[in-house]
1. Quick one: in the range 220-251, which of the residues that are of a type in the set (Ser, Thr, Tyr) and closer than 24 Å to Thr153 by Cα is modelled with the highest pLDDT?
2. List pairs: first in the range 168-179 and among the hydroxyl-bearing types (Ser, Thr, Tyr), second open to solvent by 40 Å² or more (accessible area, probe 1.4 Å), Cβ under 9 Å, 6+ apart or cross-chain?
3. What about Leu225, is it surrounded by 20 or more Cβ atoms within 10 Å (Cβ to Cβ) and in a loop (DSSP other than H, G, I, E, B)?
4. For the range 132-171, give me the residue count where each residue is assigned to a helix (DSSP H, G or I), open to solvent by 30 Å² or more (accessible area, probe 1.4 Å) and among the hydrophobic types (A, V, I, L, M, F, W, C).
5. Yes or no: the range 103-121 includes at least one residue that is part of a helix (DSSP H, G or I) and open to solvent by less than 30 Å² (accessible area, probe 1.4 Å).
6. Within the range 68-76, does at least one residue satisfy the condition of being among the hydroxyl-bearing types (Ser, Thr, Tyr) and open to solvent by 30 Å² or more (accessible area, probe 1.4 Å)?
7. Would you pick out the residues in the range 1-36 that are open to solvent by 40 Å² or more (accessible area, probe 1.4 Å) and touching a strand residue (DSSP E or B) at 6+ places or on another chain (Cβ under 9 Å)?
8. What do you reckon, is Thr191 modelled with pLDDT of 95 or more, surrounded by fewer than 22 Cβ atoms within 10 Å (Cβ to Cβ), among the hydroxyl-bearing types (Ser, Thr, Tyr) and out of contact with any Phe, Trp or Tyr (no Cβ under 7 Å at 6 or more places or on another chain)?
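The values are calculated or read from the model by the stated rules, or taken from the named source; none is laboratory data. Note that the structure is predicted; figures quoted are calculated from it, not measured. Ideal geometry is used to build each Cβ from the backbone, glycine not excepted, and the neighbour counts take in all protein chains shown. These area figures cover heavy atoms from the full protein model, side chains too; ligands, DNA and RNA do not enter into them. Shrake-Rupley method; radii C 1.70, N 1.55, O 1.52, S 1.80 Å.
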Amino acid sequence: RVLLRGPNNPWLVASWFGVVKAGGVVVTTIPMLRSLELGPLTQLTRPAVAICDHRFTEELASATPGLPLVPYGGTSNDDLAKLCAAKPGTLTDVVTAADDVAMLAATSGTTGVPKATMHFHRDVLAIADTFGQHLVQSQPTDVFTGTPPLGFTFGLGGLLVFPMRAGAATLLLERATPPELAEAVARFGVTVLFTSPTAYRAMLRAGKAGALAGLRTAISAGEHLPKSVWDDFFEQTGVRLVDGIGSTEML
């Protein structure tokens, strides 16, 4: 079990794939968690090692004394990039079964103490070949982006699993305000967007509907999608907005 902690960037994606290729189990976390939240999570999942963005190591080290920690993105001698440079450029994938656990994802804790949900290798592919293929209709020519952290399964599916399974591209944003998100959509030719109803409403109120007109699909999750937001978004952009919570398209 390998705990990953950091904002959405290429090193986090590379670490996620590296753990899975090596036959490990990814313990997904989000960078906003603090030591009081990280402590119970690590006690629950019992990772053997942590791979963490160098800007987010302090809280993790405080919450998990004794847990081996490999930073990335910095300049220290134990940085992941330096460790990788000393290794061969190839890795033979560990042979895993469809029902081997690939990931432990923590629930939000809204109904009590957070629990760790087990996701098998087949589950990761299943979300891509159902929701990703049939609702998002992912294409190799797509460019995906969004705001949910990869530590949330909403973000993992939308910004890593779906685009990679389809051979598409993903634009990783460490953080972006709703107006900045809309500007990134226009600048980089994004076709599939994942964010929350609050962000969609804020982009419209900021007058950014024109920047979103190039989207093919927009996915909403993280909270209830009000019908008024769906109506306003479609009216101003002409883009369909899919409610990702129930995996159903609002027609």
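1. First pass over the range 220-251, keeping only residues of a type in the set (Ser, Thr, Tyr): 220, 228, 237, 247-248.
Now narrow it down to the ones that are closer than 24 Å to Thr153 by Cα: 220, 247-248.
Numbers: Ser220: 94, Ser247: 41, Thr248: 36.
The selected residue is Ser220.
2. As it stands, the answer is Thr170/Met164; Thr177/Ala206, since those pairs meet every condition given.
3. Working: surrounded by 20 or more Cβ atoms within 10 Å (Cβ to Cβ): yes; in a loop (DSSP other than H, G, I, E, B): yes.
Judged against the criteria, Leu225 is a match.
4. Step one: filter the range 132-171 for residues assigned to a helix (DSSP H, G or I), giving 132-135, 153-166.
Now narrow it down to the ones that are open to solvent by 30 Å² or more (accessible area, probe 1.4 Å): 133-135, 153-154, 164-165.
Right, trim to among the hydrophobic types (A, V, I, L, M, F, W, C) and you get 135, 154, 164.
Residues in the range 132-171 being assigned to a helix (DSSP H, G or I), open to solvent by 30 Å² or more (accessible area, probe 1.4 Å) and among the hydrophobic types (A, V, I, L, M, F, W, C): 3 in total.
5. At the first step, the residues of the range 103-121 found to be part of a helix (DSSP H, G or I) are 121.
From what is left, the residues that are open to solvent by less than 30 Å² (accessible area, probe 1.4 Å) are none.
No, the range 103-121 contains no residue that is part of a helix (DSSP H, G or I) and open to solvent by less than 30 Å² (accessible area, probe 1.4 Å).
6. If we filter the range 68-76 for residues that are among the hydroxyl-bearing types (Ser, Thr, Tyr), which is where we start, we get 72, 75-76.
Keeping just the survivors that are open to solvent by 30 Å² or more (accessible area, probe 1.4 Å) gives 75-76.
Yes, there is a match, as at least one residue in the range 68-76 is among the hydroxyl-bearing types (Ser, Thr, Tyr) and open to solvent by 30 Å² or more (accessible area, probe 1.4 Å).
7. Across the range 1-36, the qualifying residues are Arg1, Trp11, Ala14, Ala22.
8. Numbers: modelled with pLDDT of 95 or more: yes; surrounded by fewer than 22 Cβ atoms within 10 Å (Cβ to Cβ): yes; among the hydroxyl-bearing types (Ser, Thr, Tyr): yes; out of contact with any Phe, Trp or Tyr (no Cβ under 7 Å at 6 or more places or on another chain): yes.
Yes.
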